[in-house]
Structures are given as C-alpha cells and as structure tokens.
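This report concerns only the one structure given below.
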Amino acid sequence: MPRFAVWTVRAALLHLGVGFTLGALILFHKGAPLDPALWRLLPLHVEMLLAGWMAQLAMGVAFWILPRFRGTERGNVRLAALAVVTLNVGVLGVGVGGLAGWDAAVLLGRVAELLAAGMFAAHAWPRVKPVSTSTQ
Amino acid sequence: MHLLTVGWLTQLIIGVAYWMFPKYSKARPRGSERLGWATYALLNLGLALRAAGEPLMAAQPGANAGWLLAASAVLQMLAAWAFVANTWARVKSR
Ligand code: HEM
C-alpha cells in the first residue's frame with residue numbers, strides 16, 4: 001500500500017473510532033441521561049462517520065487499488081492529496097460548525113466536501129479503465 | 001438506519017478489510033484472531049441491544065429500556081476500537 005493510502009486509511013480508522021464514540025455518548029445519554037448538551041455532538045457524529053469514515057476509506061482504498069499508469073504511476077497524486085485534506089477540513093467545518101452553531105462554518109464545510117469529491121473524482125477518472133498488460 | 005449503516009455497510013467493510021488488507025506478518029497474517037472475533041461479537045450484540053432497546057424506549061421510556069441502550073452504546077464503541085487496534089498495523093506500506 002503506498003504511503004498516501006496508508007495515511008488516508010488510518011485517518012478513516014480514526015474517524016471511525018471517534019465517530020462511534022460520539023454516537024455511543026449520544027446513545028448512552030438517550031438511555032441513561034447524562035447531559036442534554038451531548039445532543040449537540042450529533043452533526044459531528046454524522047459527518048465523521050459518513051464522510052470521514054466511509055468516503056475517506058473509499059478514497060484511500062481506491063487510490064491504492066485502482067489500475068495504475070505505465071506500471072507504477074498513480075496519476076495526479078497532488079490532486080488526490082488535496083482532495084483528502086479538503087475532505088477533512090470539510091468534515092471539521094460541518095461537524096464543529098454544527099456543534100457550535102456557526103452556520104458559516106457549516107456552509108464552507110459543505111462546499112469543501114463538494115470540492116473534495118470533485119477533485120478525487122478528477123484524480124480517479126482516468127484510472128478507471130480496463131487493466132492492460134502493455135506499457136500504457 | 002443504523003442497522004443499515006452499522007450492521008451492513010460498516011460490518012461489510014470490517015469483514016473485507018480483515019480478509020484483504022496487507023498481512024500483519026507471515027505467522028499472523030490477520031493480526032489477532034481473538035480481537036477479530038471480539039469485534040464481531042461486540043458489534044452485533046451492541047446492535048441487537050439497540051434494535052431491541054429503541055422501540056422499547058419509545059413505547060415506555062424507563063430505566064430498563066434505557067440501560068439496554070446504554071449497554072449497546074458501550075459495546076459498539078468497544079467494537080470500533082477493537083477493529084481500529086487490530087487493523088492499524090495492517091495498514092502499512094510494504
Ligand atoms: C458508520 C456508522 C454510522 C453512521 C453512518 C451513522 C449515521 C447517523 C446519522 C446519519 C444520524 C442522523 C439520523 C438519525 O437520527 O437517525 C445518526 C444518529 C444517531 N447515531 Fe449514528 N451512525 C453510525 C454509527 C452509530 C453508532 C455506532 C452509534 C452508537 C453507538 C450511533 C448512535 C447514534 C444516535 C444515538 C443517533 C441519534 C438518533 C436519534 O435521533 O434518536 N451511531 N447516525
């Protein structure tokens with residue numbers, strides 16, 4: 001697995017652990033009340049698990065496993081890296097913005113998530129092709 | 001909703017990752033098998049408790065159904081960290 005995929009997949013694993021923990025706090029509170037403020041964690045929970053865990057894991061694994069060019073090259077790596085960084089900024093923007101009630105951060109976070117999806121798609125598009133054994 | 005996202009999507013990912021991610025070592029390709037089974041048991045027990053606890057809680061909010069949800073929360077959280085711990089070192093460059 002290339003280093004970039006290692007870090008992306010590990011970041012996804014962290015989002016899974018923290019996202020489940022936040023969900024567990026909310027669920028615990030739902031059953032055995034701790035503090036009503038825990039409900040404010042909900043947007044961060046949703047964002048970390050849907051975008052930070054699932055989408056980010058898909059990006060990391062896709063970067064690792066999609067067909068390569070000329071044997072080893074994975075195309076525009078910078079674009080993929082920018083997509084992953086932008087996704088994480090977006091998750092934090094939407095999640096923390098939602099927690100704190102900052103609508104502007106939520107909006108910017110959503111825009112960042114959208115950009116991240118577009119950039120990653122642009123990176124992966126040319127790699128989605130039949131595998132060939134020739135040099136192309 | 002969570003039966004779908006946790007019970008199907010996340011569990012499928014966990015299963016396929018356990019199967020296909022790079023080997024931990026020649027002797028123990030999948031890391032700790034016990035931790036793998038622990039993840040599976042904790043996640044599914046946790047989900048089952050929630051599936052039972054949520055409707056009970058809606059029908060008659062009270063301490064008993066509440067504790068089902070609280071226990072479910074703890075089990076699922078432990079499942080996630082068990083999976084992360086077992087998978088972390090398998091996510092590596094060769
Ligand atoms: C990949 C896994 C997960 C995803 C994608 C996910 C996603 C979501 C989404 C979209 C919501 C908002 C919609 C709704 O209220 O149902 C939500 C709410 C919630 N989630 Fe999760 N979740 C995941 C795992 C978990 C886990 C493991 C727990 C607990 C241990 C949890 C606890 C909760 C709770 C308590 C709510 C609020 C439900 C309510 O309104 O009563 N989630 N989650």
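Can you tell me the Rg and the Dmax, both Å, for the Cα atoms in chain B?
Radius of gyration, then largest Cα-Cα span, for chain B: 15.7, 54 Å.
From the P(r) of chain A, can you give the percent of Cα pairs sitting at distances over 26 Å?
The share of Cα pairs beyond 26 Å in chain A comes to 32 percent.
Where does helix A:103-124 land angle-wise versus the long Cα axis of chain A, in degrees 0 to 90, nearest 10?
Roughly 20 degrees, rounded to the nearest 10.
Please work out the Cα center distance from segment B:32-82 to segment A:1-43, rounded to the nearest Å.
Using only Cα atoms, the two centres lie 15 Å from each other.
Which of the lysines could a cross-linker span from B:LYS23 if the Cα-Cα distance has to be under 23 Å and same-chain partners fewer than 8 positions apart are dropped?
B:LYS92
Identify all lysines with a Cα-Cα distance to A:LYS30 below 18 Å; exclude those on the same chain that are fewer than 8 residues away in sequence.
Of all the lysines, none pass the test against A:LYS30 - Cα under 18 Å, at least 8 places apart if same chain.
Relative to the longest principal Cα axis of chain A, at what angle does helix A:77-100 sit, 0 to 90 degrees, rounded to 10?
For A:77-100 against chain A, the angle is about 10 degrees.
Measure nothing fancy, just the Cα-based angle from helix B:33-59's long axis to the longest principal axis of chain B, in degrees from 0 to 90, nearest 10.
20 degrees
All of the numbers you see were taken from the coordinates with simple rules; none came from a lab. Just so it is clear, the model here is predicted, and its values are computed rather than measured.
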